[in-house]
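Only one structure is covered here, and it is reproduced in the block below.
The values are calculated or read from the model by the stated rules, or taken from the named source; none is laboratory data. Please read these numbers as outputs of a predicted model, since none were measured by experiment. Cβ: placed from backbone, ideal geometry, glycine included. Neighbour counts: every protein chain shown.
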There are 2 protein chains.
Amino acid sequence: MIALTISEENYLKALYHLYQPDEGIGTNAIANHLNTKPASVTEMLKKLSEKKLLTYEKYQGVILTKKGYASALNVVRRHRLWEYFLVDKLNLKWDEVHDIAEQLEHIQSDVLIEKLDMYLGHPKIDPHGDPIPDKEGKMCIVNCCCMSEIKLNTKAKISGVKNHTTAFLKHLDKIELVIGKVVKIKERNEFDQSVALEINKKVLHISKDVAQNLLVEKVK
Amino acid sequence: MIALTISEENYLKALYHLYQPDEGIGTNAIANHLNTKPASVTEMLKKLSEKKLLTYEKYQGVILTKKGYASALNVVRRHRLWEYFLVDKLNLKWDEVHDIAEQLEHIQSDVLIEKLDMYLGHPKIDPHGDPIPDKEGKMCIVNCCCMSEIKLNTKAKISGVKNHTTAFLKHLDKIELVIGKVVKIKERNEFDQSVALEINKKVLHISKDVAQNLLVEKVK
DNA sequence: AATATAATTTAGTTTCACCTAAAAAAATAT
DNA sequence: ATATTTTTTTAGGTGAAACTAAATTATATT
Ligand SMILES: [Mn+2]
Ligand SMILES: [Mn+2]
Ligand SMILES: [Mn+2]
Ligand SMILES: [Mn+2]
């Protein structure tokens with residue numbers, strides 16, 4: 001099993017992230033996700049298809065094979081382990097780590113990743129609340145839903161973000177709505193879909209945009 | 001100051017390692033060091049010369065500029081910091097880290113390296129006894145000389161290796177001649193240049209090849 | 001069903017970092 | 001000083017991964 005190029009790994013990871021049940025992934029969506037052009041995507045899909053990492057038929061959209069899925073998950077594993085390292089050990093902020101992990105995820109060394117995983121204590125969740133696949137690709141199912149879909153007067157714990165941009169993460173830091181915080185949904189405004197939360201007796205109003213990008217898990 | 005490519009960084013680092021006072025570095029030497037061909041080297045030298053990282057005149061051999069030297073040292077800094085991390089934190093062995101550091105040294109992020117340096121406690125020496133340049137390029141002068149040049153009956157501390165191959169490092173592990181050990185040079189054989197050392201009352205015989213690749217520093 | 005629009009593929013270029021083979025220059029030996 | 005060898009450069013080419021523009025196929029609209 002010959003090593004993949006950085007570009008190939010990035011395509012596999014993109015396909016993993018773009019996957020939707022019962023839908024082939026389109027060239028446009030991939031190009032958009034990777035900031036390239038559809039023509040470049042077509043070329044790469046042909047290459048990956050020859051390597052049996054995905055099934056590709058002209059105009060049909062693309063699906064990862066078992067092998068391709070495993071490779072993609074491995075890249076995701078490395079990305080999230082590095083993010084965990086950067087936040088937990090090097091004290092970088094959760095909005096600073098993604099771009100660095102985009103580079104680190106391509107370092108080729110199985111022993112490195114095993115040692116890193118051990119050193120970090122086999123973490124299950126990355127700094128943004130995303131699950132970290134283990135060596136075999138298994139990961140915990142994060143039982144979460146979107147903040148904008150939760151019923152009134154339920155208690156919920158912030159468990160992750162859908163939007164990973166620096167701008168959004170910094171905003172959450174500013175309003176102190178970080179992972180682990182427990183909130184109670186008090187009110188949902190019809191007009192602008194904004195939400196009022198209660199956090200330790202205090203009330204916090206968040207916009208629709210924020211609510212839509214926050215993942216929470218219900219609390220007893 | 002636009003970022004350098006991996007290849008450009010590797011050339012600069014090679015030039016740093018190949019540098020000899022009062023000698024331009026030749027195309028062949030560089031090609032040999034980088035496992036590429038002289039023709040490829042010539043091309044890259046032209047490019048780096050245009051970027052003012054070195055001075056290049058056809059057939060004259062090449063010398064790093066201030067700017068080029070600083071960039072090279074920065075790559076060396078990153079390489080050695082990562083090696084220190086891999087050994088000190090991840091418990092990899094000193095013969096396993098070089099190839100991984102060859103990849104890690106190219107990760108582009110100043111804040112990452114600053115944080116890593118801080119996390120490691122600003123180490124001054126890498127696992128092979130080589131000095132780690134600081135942010136400004138300063139590094140401690142390691143006051144060492146080759147084991148094969150040391151006078152009889154002097155005490156010396158193993159301080160580094162000239163040969164960085166896995167084979168050599170593993171051999172040193174086997175004979176337990178690792179960095180920090182204090183030895184006394186008891187005998188030097190005329191015939192094969194092998195050396196007899198005394199380590200805690202016990203005698204150890206090492207070959208010429210080993211002696212020539214070991215760096216030591218004198219001890220009171 | 002015919003047409004318009006959107007998605008995808010093909011064709012032809014570009015840049016980077018490498019290569020081989022041949023030419024040119026420099027260094028060494030006779 | 002000339003001839004030989006070694007080093008370095010030039011010329012021409014390759015493969016990977018991108019690009020633009022044009023052609024093709026699929027989907028949506030009338
Ligand atoms: Mn990320
Ligand atoms: Mn993440
Ligand atoms: Mn090294
Ligand atoms: Mn080293």
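Specify which of the listed residues (B:136, B:176) is away from ligand 1 (no atom under 16 Å from the Cβ) and outside the structural domain of residue B:93 (by TED's automatic domain parsing).
Values: B:136 fails: outside the structural domain of residue B:93 (by TED's automatic domain parsing).
The conditions single out B:176.
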Point to revise | Scope segment A:1-35; condition among the small types (Gly, Ala, Ser) and modelled with pLDDT under 95; matching residues | key: A:3, A:24
Check your understanding: Cβ-Cβ below 8 Å, separation at least six or inter-chain, first residue in segment A:85-113 and at the interface with chain B (Cβ under 8 Å from one of its Cβ atoms) and under 14 Å from residue B:100 (Cα atoms), second among the aromatic types (Phe, Trp, Tyr) and surrounded by 22 or more Cβ atoms within 10 Å (Cβ to Cβ): which pairs?
Key -> A:104/A:82
Study note, to complete from the structure: Filtering segment B:114-144 for residues that are in contact with a strand residue (DSSP E or B) (Cβ under 7 Å, 6 or more places away or on another chain) and either within 14 Å of chain A (Cβ to nearest Cβ) or of a type in the set (S, T, N, Q) (or both) leaves a count of 1
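Suppose the filter is in contact with a Pro (Cβ under 8 Å, 6 or more places away or on another chain) and closer than 19 Å to residue A:102 by Cα; does residue A:31 pass it?
Spelling it out, residue A:31 is indeed in contact with a Pro (Cβ under 8 Å, 6 or more places away or on another chain) and closer than 19 Å to residue A:102 by Cα.
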Review point. When you scan segment B:113-132, how many residues do you find that are surrounded by 17 or more Cβ atoms within 10 Å (Cβ to Cβ), within 15 Å of ligand 4 (Cβ to nearest atom) and either of a type in the set (Val, Ile, Thr) or not in a loop (DSSP other than H, G, I, E, B) (or both)?
Key: 3
Exercise for review: Considering every residue within segment A:197-213, establish whether at least one is within 14 Å of residue A:128 (Cα to Cα) and surrounded by 14 or more Cβ atoms within 10 Å (Cβ to Cβ).
Suggested key: yes
Check your understanding: So which residues in segment B:183-196 are touching a residue at least 24 places away in the same chain (Cβ under 8 Å) and surrounded by 14 or more Cβ atoms within 10 Å (Cβ to Cβ), if there are any at all?
Key -> B:183, B:184, B:185, B:186, B:188, B:195
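For (1) surrounded by 13 or more Cβ atoms within 10 Å (Cβ to Cβ); (2) more than 19 Å from residue B:93 (Cβ to Cβ), each residue gets a yes or a no:
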residue	(1), (2)
B:134	yes, yes
B:150	yes, yes
B:155	yes, yes
B:164	yes, no
B:167	no, no
B:172	yes, no
Exercise for review: Sort out which residues of segment B:145-166 are within 17 Å of residue B:17 (Cβ to Cβ) and in a loop (DSSP other than H, G, I, E, B), and write them in order of number.
Suggested key: B:162, B:163, B:164, B:165
Point to revise | Selection from segment B:11-50 of residues that are crowded, with 16+ Cβ neighbours inside 10 Å and either outside the structural domain of residue B:104 (by TED's automatic domain parsing) or touching a residue at least 40 places away in the same chain (Cβ under 8 Å) (or both) | key: B:12, B:13, B:15, B:16, B:48
Review point. Hey, residue B:28 hits all of (1) over 20 Å from the mean Cα position of the chain (by Cα); (2) under 30 Å from residue B:121 (Cα atoms); (3) within 15 Å of DNA strand D (Cβ to nearest atom) but one; which does it fall short on?
Key: (2)
